[in-house]
Number of protein chains: 2
Amino acid sequence: MRLSVRAMPARLASLLLALSAAGPVVAAEAAPEVTVLTAHAIHTLDAARPRARAMAFDAGGRILAVGDAEALARRFPGARDLDLGDATVVPGLIDAHAHVGGLGLATLTADLVGTRDKAEVLQRLRDFARDLPPGAWLLGRGWDQNDWPEKTYPTAADLDAAFPERAVWLERIDGHASWANSVAMRAVGRDLSGDWQPDGGRILRDAAGRPTGIFIDAAAALVEDARPPLDEATAERALVLGMQAAVEHGLTGVHDAGIGLDQFKRYQRLADRGALPLRITAMAAGDGDALDALCRDGLYSHPSGRLQMRTVKVYADGALGSRGAALLADYSDDPGNRGLMLTPPEGLHAVVRKARDCGVQVAAHAIGDRGNREVLQAYADVLGDGAAGDHRWRIEHAQVLAPGDLPRLAGLGVIASMQPTHATSDMPWAEDRLGPERIVGAYSWRQLRDSGARLALGSDFPVEPVDPRLGLHAAVTRADAEGEPVGGWRPEEKLTAFEALRGFTLDAAYAGFAEDTVGSLAVGKRADFVVLAEDPLAVPPARLRGLVVLATYVDGEAVYTRAGHAD
Amino acid sequence: MRLSVRAMPARLASLLLALSAAGPVVAAEAAPEVTVLTAHAIHTLDAARPRARAMAFDAGGRILAVGDAEALARRFPGARDLDLGDATVVPGLIDAHAHVGGLGLATLTADLVGTRDKAEVLQRLRDFARDLPPGAWLLGRGWDQNDWPEKTYPTAADLDAAFPERAVWLERIDGHASWANSVAMRAVGRDLSGDWQPDGGRILRDAAGRPTGIFIDAAAALVEDARPPLDEATAERALVLGMQAAVEHGLTGVHDAGIGLDQFKRYQRLADRGALPLRITAMAAGDGDALDALCRDGLYSHPSGRLQMRTVKVYADGALGSRGAALLADYSDDPGNRGLMLTPPEGLHAVVRKARDCGVQVAAHAIGDRGNREVLQAYADVLGDGAAGDHRWRIEHAQVLAPGDLPRLAGLGVIASMQPTHATSDMPWAEDRLGPERIVGAYSWRQLRDSGARLALGSDFPVEPVDPRLGLHAAVTRADAEGEPVGGWRPEEKLTAFEALRGFTLDAAYAGFAEDTVGSLAVGKRADFVVLAEDPLAVPPARLRGLVVLATYVDGEAVYTRAGHAD
């Protein structure tokens, strides 16, 4: 690590030097066995001792003691001293729902997040295409027509003039709609005109029955299947880039929400090489090869403790932004449309039953109130008396619930895996979609928590930014990164800073069957922690989004240390 | 009401004029039947519609509609228009644990709150005594030796020089210790020397066995019984003063935590005269005449809806400040002392059983971890299978709980009736009394709420100030009225502003079996509400203590309206 201490406050500079000296513990003769860390505050998330000033861990990354600085100094006289001064230590943050490969790939594809109109989209695409070989597909992601003046879906024609010979394929911000140009559509070996629709998806068409270029949910597979596969080196590079971005933001764990067996094997190879800087809790994507592997070979855990898979991720419905979320009644801004079940109820029951029979945890994506109800019903039917057991089945997003369904999560022991930044990204238009009555059951983490459900928090990156500070901030303020609206959107749903932190640590660990090893700082657990310049439980909520991550530790080793500002 | 609009912002002035015009609805020919109120925001606390802009109520104080301003204006064309502009409306605040007569009496006795040493106590007593007739007892309350340099109990001798002939009797801030001079002790018709102690209390004595002047818990009754009773006019005046102070702070309901039949009859007479400005939910004091009346005559409800009694308040133990709270192990700062059960376990069982047999709700004062455990055990034993029923038994204070006992409240359906300002008043010394391990289970409203218990919030006035803004502020910030400590004491226990408001409204109403009529603003319920100059769910938490109460409404009538600043 290279440090520059110029133009840095003296306190921060000396702290960074301390962190630098405390880099990875290498197996050398002089390496001390024990490190004793002291800080302004350690928020342990351990209910028996929520706050401490010091923590000791061994060279293997096991926590030996949490407590008083003087007592620990006496108990471990030869220990390496890691004095963090005014900094605050919290358990390593865990993103309970994200897409690591997608985050990495996003850096390898055109970034369309935040584009204000189609002209800006085209400009970014032209810039990106300059480095592409001829004939290569131009991939992009992150557009959102709600941010554009016209607020309607774009068409292939919008792209064709600029890209008459190169296939262009652009994923919407929520991953539930994609936008193709005519070259990309021609690559599909099938006539996309007419009035047929693929199962679980929709091809938007004009009055003459011609595809407009927009493919909703499962319809995107038509184009996906036509594009040349990612080469292995790029796929691995995407994972490495995604994980690197994660640890730089204080994450020590990510639940990767749905991967195939190829991707899982990629993770395994990285784990075998000691190249996972954080803990990956992988979910098998639907009823596919990864679930089959779990059923055949049993639940998976890598000996390093950095990789596990024991979960299947299934999609009940689509997303709200693209009106693909399955609702019990019509969209308020689209009469006649109630969205889509991506997996019909009988299919949902089948995969959930298969998972249960294999001892696999289920994590079902459900956004709309119908999507959530179908999942709850499938869980109730399949679990039966087993609902009282330690199944830890989850609903991913749990975004819109009918009021009567809210308490069913707690009743069935189902975890609400929610993404606070979804609320603040969707708030400008969510009530348009849902109307004033249904909005009460939407993004309702306070009500869910009040009903006794456990909240595992995450970001859904790259749909939202990887930065968990934004999630903490959104959870506590119900305001976006600009602090709007003042006082928060539907402020009755706010969490406290402690609850938000718990959702990103202990309860996320619980959702990954990992609370015995990570998620809080207590004797016998792993020394996964984050060093923050300020105390997230003490700063005014608006400052949560600006917390400085000074270092990220996994198994007692720094996997990220902040370099100086003035490099 | 007299208004002065000089030196007042124009917006506030016009708002006060609007409130003035909207004074009590009198039964006159011209009185409109319906009022339609509009405000910046109405936080209804109704889960089905948490936020609205308008509310209609009839001349009888019944809410007719909550919703959109235009829709209500159309629906009630002839209605009186109460435009509250930028103000925010919340349900009337309910203090779930307080002492109305005590608050009024405090204004009729010497106020010793905040005295910094004994010299200041003597000065205030001398000032107060000037207006007293010769021979009258000098009563005072509010001293706290923890605020004095020596931090030890005072003695009778400290008072005797200044008051050699007048009885002086001064209650400690927490009501669990009192300080007498020698004249007051001589009024007790019994030798207070020796080594005997009264049941449930303690007379502090010197090495020679002489009483020092301090009487802990039940020992105070020895002196209380010796002093001339309060005359009826003064007792009623105290109630009226206490209720007036309450409505001026936005309270529309108080649970009066333990009164005798005399006091109850005083309330009844006031109710008969229409002189209760807010709703009183009285608790019968222990196994006394008021409980006997409930058992004989049944649960009580005045036809006006302003007075009910259906609860018995029993004391399990004493208080923490005076080391009278019953602990499972020794006080950390007083080895050998484990505090006192004011009602021994068998007595607790007996009164709880009696209450159950009479259909009376139980509210047991419990501060120490032993006090709380004994109450939980008595509740569990006596309720049996009835724990699953709608008993709504409460623990008052629920201040220190053994970690294993925390979830028992939710398990038994027991309400935690807590006072946020107790935490911030006690924080300077609470950990001295309890040590670093027990403190984790103390003032733990977040843990209790997480465990599924319902929180009814209050102030315990006059032990703490009547002002519920201080309670909201303490609940949300875990900081005192000066904002100390920055970031809050044990911030993991913070509530959100919405949760704090809920504890002072809907859940306090629930604790008083009144959530069908008050506690939220919904059709069919009573128009009990408070008009605040700012939105408590939107302001930064530090501003909660400075919220301006513009008006307090009960049954749709203003029982308090703020006068201009510049009178």
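The values are calculated or read from the model by the stated rules, or taken from the named source; none is laboratory data. Everything quoted here is computed from the prediction, not taken from an experiment. Because the Cβ atoms are built from the backbone with ideal geometry, glycine has one as well, and the counts that use them run over all protein chains shown.
Going by the structure shown, is A:ARG172 in contact with a strand residue (DSSP E or B) (Cβ under 9 Å, 6 or more places away or on another chain) and under 17 Å from A:ARG227 (Cα atoms)? Can you show your working first?
Working: in contact with a strand residue (DSSP E or B) (Cβ under 9 Å, 6 or more places away or on another chain): yes; under 17 Å from A:ARG227 (Cα atoms): no.
Answer is no for this residue.
Please verify whether region B:409-418 includes one or more residues that are touching a helix residue (DSSP H, G or I) at 6+ places or on another chain (Cβ under 7 Å) and farther than 17 Å from B:ALA316 by Cβ. Talk me through it step by step, then tell me what you get.
Step one: filter region B:409-418 for residues touching a helix residue (DSSP H, G or I) at 6+ places or on another chain (Cβ under 7 Å), giving B:409, B:412-418.
So of that shortlist, the ones also farther than 17 Å from B:ALA316 by Cβ come out as B:413.
Looking for residues that are touching a helix residue (DSSP H, G or I) at 6+ places or on another chain (Cβ under 7 Å) and farther than 17 Å from B:ALA316 by Cβ, one finds at least one in region B:409-418, hence yes.
Applying the selection to region B:536-558, what residues are more than 14 Å from chain A (Cβ to nearest Cβ) and not in a loop (DSSP other than H, G, I, E, B)?
The first filter runs over region B:536-558 and keeps only residues more than 14 Å from chain A (Cβ to nearest Cβ), leaving B:545-546, B:548-558.
Across region B:536-558, the qualifying residues are B:ARG545, B:GLY546, B:VAL549, B:LEU550, B:ALA551, B:THR552, B:TYR553, B:VAL554, B:GLU557, B:ALA558.
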Answer yes or no as to whether A:ARG237 is at pLDDT below 95 and either of a type in the set (Lys, Arg) or not assigned by TED's automatic domain parsing to the domain that holds A:ARG394 (or both).
yes
Looking at region B:339-347, can you tell me whether even one residue there is touching a Leu at 6+ places or on another chain (Cβ under 8 Å) and either within 30 Å of B:ALA558 (Cβ to Cβ) or of a type in the set (Lys, Arg) (or both)?
no
Residues within region A:425-443 that are of a type in the set (D, E, K, R), more than 14 Å from chain B (Cβ to nearest Cβ) and more than 20 Å from the chain's Cα centre (by Cα), tallied
2
Is it the case that A:GLY487 is within 14 Å of chain B (Cβ to nearest Cβ) and under 27 Å from A:LEU328 (Cβ atoms)?
no
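Each row is one residue, and each column tells you yes or no for (1) free of Cβ contacts under 8 Å to residues at least 40 places away in the same chain; (2) at positive phi.
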site	(1), (2)
B:GLY413	yes, yes
B:MET418	no, no
B:ASP450	yes, no
B:ARG454	no, no
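Could you run through region A:379-411 and say how many residues are charged (D, E, K, R), more than 14 Å from chain B (Cβ to nearest Cβ) and free of Cβ contacts under 8 Å to residues at least 40 places away in the same chain?
Taking region A:379-411 and keeping what is charged (D, E, K, R), we get A:381, A:385, A:390, A:392, A:394, A:396, A:405, A:408.
Those still in the list that are more than 14 Å from chain B (Cβ to nearest Cβ) too: A:381, A:385, A:390, A:392, A:394, A:396, A:408.
Those left that are additionally free of Cβ contacts under 8 Å to residues at least 40 places away in the same chain: A:381, A:385, A:390, A:408.
So the answer is 4.
Yes/no matrix, rows are residues, columns are (1) of a type outside the set (Lys, Arg); (2) in a loop (DSSP other than H, G, I, E, B); (3) buried (at least 23 other Cβ atoms within 10 Å of the Cβ); (4) more than 13 Å from every other protein chain (Cβ to nearest Cβ):
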| residue | (1), (2), (3), (4) |
| --- | --- |
| A:LEU37 | yes, no, yes, yes |
| A:HIS40 | yes, no, no, no |
| A:ALA48 | yes, yes, no, no |
| A:MET55 | yes, no, yes, yes |
| A:GLY60 | yes, yes, no, yes |
| A:ALA65 | yes, no, no, yes |
| A:ALA71 | yes, no, no, no |
| A:ARG74 | no, no, no, yes |
| A:ASP81 | yes, no, no, yes |
Out of (1) closer than 26 Å to B:GLU248 by Cβ; (2) more than 10 Å from every other protein chain (Cβ to nearest Cβ); (3) buried (at least 24 other Cβ atoms within 10 Å of the Cβ), what's the single condition that is false for B:LEU495?
(2)
Considering only residues of region A:170-201 that are surrounded by fewer than 20 Cβ atoms within 10 Å (Cβ to Cβ) and of a type in the set (Lys, Arg), which is farthest from A:THR109 (Cα to Cα)?
A:ARG190
Tally up the residues in region A:356-411 that are surrounded by fewer than 22 Cβ atoms within 10 Å (Cβ to Cβ) and outside any helix (DSSP H, G or I), please.
7
Spot the failing condition for A:VAL463; the list is (1) of a type in the set (A, V, I, L, M); (2) within 11 Å of chain B (Cβ to nearest Cβ); (3) not in a helix (DSSP H, G or I), and only one is missed.
(2)
Restricting to region A:360-400, what's the tally of residues that are under 24 Å from the mean Cα position of the chain (by Cα) and among the small types (Gly, Ala, Ser)?
6
Please find, within region B:207-228, the residue that is surrounded by the most Cβ atoms within 10 Å (Cβ to Cβ) out of those that are over 25 Å from B:ALA316 (Cβ atoms) and within 27 Å of the chain's Cα centre (by Cα).
B:ARG227
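Quick check on region B:148-199: of everything there that is assigned to a loop (DSSP other than H, G, I, E, B) and among the β-branched types (Val, Ile, Thr), which residue is farthest from B:ASP432 (Cα to Cα)? Before the answer, list the steps.
Keep residues of region B:148-199 that are assigned to a loop (DSSP other than H, G, I, E, B), which gives B:148-156, B:161-167, B:173-176, B:181, B:188-199.
Restricting the remaining residues to those that are among the β-branched types (Val, Ile, Thr) gives B:152, B:155, B:173, B:188.
Details: B:THR152: 15, B:THR155: 23, B:ILE173: 19, B:VAL188: 35 Å.
Across region B:148-199, the extreme among qualifying residues is B:VAL188.
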Where B:LEU204 falls short, out of the listed (1) surrounded by 19 or more Cβ atoms within 10 Å (Cβ to Cβ); (2) modelled with pLDDT of 95 or more; (3) under 18 Å from B:SER322 (Cβ atoms)
(1)
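Quick check on B:VAL476: is it surrounded by fewer than 23 Cβ atoms within 10 Å (Cβ to Cβ) and either closer than 24 Å to B:ARG51 by Cα or within 11 Å of chain A (Cβ to nearest Cβ) (or both)?
On the way: surrounded by fewer than 23 Cβ atoms within 10 Å (Cβ to Cβ): no; either closer than 24 Å to B:ARG51 by Cα or within 11 Å of chain A (Cβ to nearest Cβ) (or both): yes.
In short, no.
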Check on A:GLY135, at pLDDT below 95 and over 28 Å from A:THR343 (Cβ atoms)
yes
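Here is a yes/no grid of residues against (1) in contact (Cβ under 8 Å) with a residue 60 or more places away in the chain; (2) in the same structural domain as A:GLY60 (by TED's automatic domain parsing):
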| position | (1), (2) |
| --- | --- |
| A:LEU470 | yes, no |
| A:VAL476 | yes, no |
| A:ALA481 | yes, no |
| A:TRP489 | yes, no |
| A:GLU492 | no, no |
| A:ALA497 | no, no |
| A:ASP516 | no, no |
| A:GLY519 | yes, no |
| A:ARG545 | yes, yes |
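Just a yes or no: is a residue in region A:499-515 small (Gly, Ala, Ser), buried (at least 24 other Cβ atoms within 10 Å of the Cβ) and within 10 Å of chain B (Cβ to nearest Cβ)? Steps first, answer last, please.
Taking region A:499-515 and keeping what is small (Gly, Ala, Ser), we get A:500, A:503, A:508-509, A:511-512, A:514.
Subset that is buried (at least 24 other Cβ atoms within 10 Å of the Cβ): A:500, A:503, A:508-509, A:511-512.
With within 10 Å of chain B (Cβ to nearest Cβ) added as a condition, the list becomes none.
So far as region A:499-515 goes, no, none of its residues is small (Gly, Ala, Ser), buried (at least 24 other Cβ atoms within 10 Å of the Cβ) and within 10 Å of chain B (Cβ to nearest Cβ).
Return yes when B:ALA456 is more than 14 Å from chain A (Cβ to nearest Cβ), assigned to a strand (DSSP E or B), in contact with a Ser or Thr (Cβ under 7 Å, 6 or more places away or on another chain) and buried (at least 24 other Cβ atoms within 10 Å of the Cβ) and no when it is not.
Numbers: more than 14 Å from chain A (Cβ to nearest Cβ): yes; assigned to a strand (DSSP E or B): yes; in contact with a Ser or Thr (Cβ under 7 Å, 6 or more places away or on another chain): yes; buried (at least 24 other Cβ atoms within 10 Å of the Cβ): yes.
The answer is yes for B:ALA456.
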Going through region B:122-147 in order, the residues found to be part of a helix (DSSP H, G or I), within 10 Å of B:LEU112 (Cα to Cα) and touching an Asp or Glu at 6+ places or on another chain (Cβ under 9 Å) are B:LEU122, B:ARG124
Selection count, region B:272-285, where residues are small (Gly, Ala, Ser) and buried (at least 18 other Cβ atoms within 10 Å of the Cβ)
3
